[in-house]
Amino acid sequence: MADYYCILTPAGRLKVEQAAFLGQPVTITHMAVGDGNPLENPPGDDQTAMVHEVYRAPLNKLYSPAEDNTVVIAEMAIPTTAGGFNVNEVQLIDSTGTVVALGNYPLTWKPPYTSGTGRVLLIRIMLDVSNAANVELIIDPAAVMASEQHVRLAIDELKRYVDQPSGVAVGTYTKVKVNARGLVVQGWNPSTLAGYGITDAYTKPQTDLLLSSKANNAITLAGYGIGDAYTKTQVDTLLGAKQPNLGYTPVQQGGGANQGTDKVYLGGTTDHLRAQVGSVDLGRVWTELNRPKNTAAFGNPAWWRCADTGTARQRGVAPIMTNVMEQRVTYPFAFAEVPVVTLGIWASTADVGPSTENKTEILASIIAIDSTGFTLASRRLAGSDTDYATVMWQAEGRA
């Protein structure tokens, strides 16, 4: 093994294995350096951290070289303002603060800025992994520090790019050629279809000749080298195989008496047709199969509803005693407005009937009514027996 190397810690090995299995890459964010003496005790497989940390910062660069995807290269720049310590060991830390890799480093003195000299120390280490895809290769742009050489090379490249001539005179062009750098290197103003690369249209001379020969059919398309059109015989054959037109006048959009020019829509849903004029939805188009029908529920209480008018009748019965009482009667379903309610005798005990000499007379009346029900009140007008009568009620209104 080389004198200087970087290895995964036990926690780092576990995280890389989990990254390969779960598809969640390890995110390395920081590097730290120390002044320990790893040359006497090189980093081992069971070591979890450096001997003594002296400086830590976000990574300046993290990448995998194109020629080897099993290696991850990490860089950290120690600025001029930091120093006064030896660098003899390094370690990589992930986004959770876990030390995932560590290694030794050639003993290097980083002088303090106050010593009268200063320099940026760039620490670069190579970490061997089975697949660099398991390490998230991202970097914080705020932490990146460009070297002077890198800046100079970038400026020179930009200058060459800006100074490169376009090769085209100043002017307006309808067709241009652009090189790989996005620069215009040629320009034209074609005056023909062919000049623009258009091959699926007739030129003016071709069209003029075709029109002039229409009366006597003296020339053919092939005679002009036109191969992307049907001949008269081919068109006649194709039309002869088509179904004849329908034998009645088709529907026309608009044009009738008192009709506007709005677009008319007619379409179907699961079980009915709908019509629309412009942006106005006209609703269902009723047919024999889906026209509305009157509906009813029989019994007591019961109801009936007219599909054409929306009128509904609801009915039921309510027992009342001969002594004073009030009770709430609720319709099977609510009306859209307050309905009209009528009452009638449905059944009674013998003493309430008119054939009994000591007849008990009962008064039933409505004292409150709304769209969901009404309050029924009763009291005895004559007689002394505690008898009962069953009142039938009927309500009619708009549902």
* Asked: Based on the Cβ-Cβ distance from Arg284 to Thr261, what FRET efficiency comes out when R0 is 25 Å, to the nearest 0.05?
  -> 0.55
* Which of Asp46, Asp94 has the fewest Cβ neighbours within 10 Å, and the rest in rising order -> Asp46, Asp94
* Sequence of Thr29, Thr172, Thr48 once ranked by neighbouring C-beta atoms within 10 Å, starting from the fewest -> Thr172, Thr48, Thr29
* Asked: Which value in nm describes the separation of the simple spin-label points at Asn37 and Ala368, placed 7 Å from the Cα toward the beta carbon?
  -> 9.9 nm
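Using 1/(1 + (r/R0)^6) with R0 = 35 angstrom and r between the beta carbons of Thr114 and Leu22, what's the FRET efficiency to the nearest 0.05?
Efficiency at R0 = 35 Å is approximately 0.10.
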* Structure fact -> Stretched fully, the stretch from Val277 through Tyr5 gains (0.36 nm per residue minus C-alpha distance, one decimal, in nm) 90.0 nm
* Asked: Got a sec? How would Tyr5, Tyr331 order by Cβ neighbour count within 10 Å, fewest to most?
  -> Tyr5, Tyr331
* Evaluate the distance, in nm, between pseudo-label points positioned 7 Å from the Cα of Asn189 and of Arg328 along their respective Cα→Cβ axes. => 8.9 nm
* Structure fact -> Rounded to the nearest 0.05, FRET efficiency between Lys175 and Thr231 (Cβ-Cβ, R0 30 Å) equals 0.35
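Values quoted throughout were computed directly from the atomic coordinates according to the rules given, and no laboratory measurement underlies them. Values in this document were obtained by computation on a predicted structure and should not be read as measured data. When we count neighbours, we look across all protein chains shown, and the Cβ atoms used for this are built from the backbone with ideal geometry, even at glycine.
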